[in-house]
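Notes follow once the structure below has been shown.
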Amino acid sequence: MTDSQRPNPHRLTRDPQRAMLAGVCAGLADYFGFDLKGLRLVVAILGLVFSPFVITSYVVLALVLPKKEGKPALDQEQATFWREVSNRPADVFGGLRHRFRALDLRLQRMEAFVTSPQFRIDRELKRPSGIEGSEQRET
């Protein structure tokens, strides 16, 4: 199954096109949405302090992570969405659930209005119906 067939195309990979060594920092920056130069600076500083751990981790990630394929990148909105799904799925799906509830409530109100007797009367008299029409009648 290729990345385009998977539901989440946002994967942790190495990016050899933007690499200085193996592309691990570029892949991590893409995945987490960090600034690439800032991440490289942090890795270099940590490498000075914890050199065996950082070097070992970098080599392991360089060997384990797959290379990023040369497919067209996601647009910014899609990349942000999939990054949030990967990092905080409960927040993203909670937000989607809230949006669908709000849409469902709007749809219920519209359905109640369209099936109301007032709507039929307005339609038969060819008066404007809806919120604008009801505001004009009340004044």
Given the options R14, R40, name the one that is under 14 Å from E69 (Cα atoms) and not β-branched (V, I, T). R14
Can you name every one of the helices (runs of 4 or more DSSP H) wholly within region 68-136 that holds 2 or more residues which are at pLDDT 80 or above? 89-114, 117-124
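The values are calculated or read from the model by the stated rules, or taken from the named source; none is laboratory data. These figures come from a predicted structure and were not determined experimentally.
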